[in-house]
Every structure is written in C-alpha cells, then in structure tokens.
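Chemist: Encoded as structure tokens, here's the structure I'll be asking about.
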Amino acid sequence: MKMNDTRQIAAPPQQVWTALFDPEVLKACVPGCQDLSGNPEDGYEAVVVQKVGPVKATFKGMVTMADVVDGQSCTLIGEGKGGAAGFAKGHAQIRLEAADDGGTVLHYDVDASVGGKLAQLGSRIVDGFARRMAGEFFTRFQDQIEGPDISDAQTPPPAAPDDTAEPRKGWVKRILG
C-alpha cells in the first residue's frame with residue numbers, strides 16, 4: 001500500500017528535524033506505543049499495541065533511519081511482528097523544506113505491507129487503518145512541535161484581571177524557542 005501527504009508545520013525546519021530524531025517525541029506520536037528506546041544511529045526498538053479490524057496484537061519491531069541528508073530528508077524503515085496476528089513492514093521517505101512564512105513543509109511518501117492474519121482482513125480495512133495511523137502520527141507530531149491548537153481546547157474559565165499568563169507552547173517549542 002502506498003500513500004503520501006504534505007503537512008504545514010509552524011516551526012523552522014531545524015526544529016522539525018530535531019524533533020523527528022527525538023525518541024520522546026516519536027514515542028508520543030506513534031499511536032499505541034507502549035515503549036520506544038534507541039537512537040537514530042542504531043535504530044529504535046518499539047512495542048506497539050494496535051487493533052486492526054477484529055485483530056488486536058502487540059507488535060515488537062525495529063525502526064532504522066537511512067538516506068539521511070541532515071536537516072532535509074531521511075527514510076524511516078520499519079518492521080514489526082505481532083505473533084499470530086502477522087507482521088507489518090514498510091518505509092517512509094520524509095522531506096522537509098522551508099516555507100515562505102518561516103515554517104516547514106513536511107512531505108512524506110509511505111510504502112507499507114502486511115502479512116499473516118492481518119493480510120486476510122482485506123485491503124479496504126488494512127489500507128484504511130494504515131491511512132489513519134499515518135494521519136494520526138503526523139497530527140501528533142505537529143502538535144508536539146506547535147503545541148495544542150487553542151481553537152481545539154475547551155473554553156477556559158475567565159481569567160482574573162491581573163492574570164498575565166502566556167498561551168501554552170508545546171514542550172519542543174519551550175525548549176528550543
């Protein structure tokens with residue numbers, strides 16, 4: 001299965017690049033991630049629990065980085081095994097470019113495949129699940145960098161007249177910005 005998309009991120013490319021290689025950011029972005037350890041040079045080991053249609057499984061896998069062009073692009077290569085549920089493997093090519101507004105345009109192309117019981121579910125279920133997972137990952141990634149969208153938050157209680165609190169920033173932005 002192949003898919004691609006583009007995301008506008010309101011942060012400079014170097015900040016986005018740094019977050020892309022941060023294990024804590026990645027763990028927060030992968031839906032169902034129970035554990036993630038490792039580093040960009042040796043790769044990351046992950047444990048992810050997911051339900052695809054009627055099949056729920058714990059996947060243990062490895063993600064490595066390849067074709068790294070510092071600050072511009074890389075390829076994430078992953079493979080996970082879910083026991084009797086089967087396996088999933090694939091790669092995502094990610095490319096960053098500076099946007100005119102000072103932000104970043106993130107492009108991604110994903111090619112993924114599954115086997116075992118997962119493959120028996122049918123392409124509509126598996127393709128829909130893969131699209132949802134990719135979309136959720138990049139939405140979470142964007143939120144980690146930009147912070148939550150204030151319009152998505154519930155209306156806060158009225159502030160006291162002397163309250164001068166600033167709007168919340170994502171933790172990456174607090175550290176780097």
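Chemist: Rounded to the nearest 0.05, what FRET efficiency is calculated for Ala66 and Lys27 with R0 set to 25 Å and r the Cβ-Cβ distance?
Modeler: On the way: r = 21 Å, r/R0 = 0.82.
About 0.75, to the nearest 0.05.
Chemist: Neighbouring Cβ atoms within 10 Å as the yardstick, rank His91, His107 fewest first.
Modeler: His107, His91
Chemist: In addition: Computed FRET efficiency, Cβ-Cβ of Met1 and Ala98, R0 30 Å: what is it to the nearest 0.05?
Modeler: 0.50
Chemist: What is the gain in length, in nm to one decimal, between Ala84 and Gln34 on full extension, counting 0.36 nm per residue of separation less the C-alpha to C-alpha distance?
Modeler: Full extension of this stretch gives 16.1 nm more.
Chemist: Under 16 Å between alpha carbons: how many lysine pairs meet that in region 1-89, if sequence neighbours fewer than 8 apart on the same chain are excluded?
Modeler: Working: Lys2/Lys89; Lys27/Lys60; Lys51/Lys60; Lys51/Lys81; Lys56/Lys81; Lys60/Lys81; Lys60/Lys89; Lys81/Lys89.
Going through region 1-89 pair by pair, I get 8.
Chemist: Counting alpha carbon pairs within less than 8 Å and at least 6 residues apart, what relative contact order, in whole percent, applies to region 2-148?
Modeler: So the answer I get is 27 percent.
Chemist: Related question: Just to confirm a number: summing +1 for Lys and Arg and -1 for Asp and Glu over residues other than Leu36 whose beta-carbon lies under 9 angstrom from that of Leu36, what do you get? Spell out each step's value before the answer.
Modeler: On the way: positive: Lys27; negative: Glu24, Asp35, Glu45.
Once all neighbours under 9 Å are counted, the net charge is -2.
Every read-out reported here was derived from the displayed coordinates using simple, explicitly stated rules and does not represent laboratory data. Fair warning: this is a prediction, and the values are worked out from it, not measured in the lab. Because the Cβ atoms are built from the backbone with ideal geometry, glycine has one as well, and the counts that use them run over all protein chains shown.
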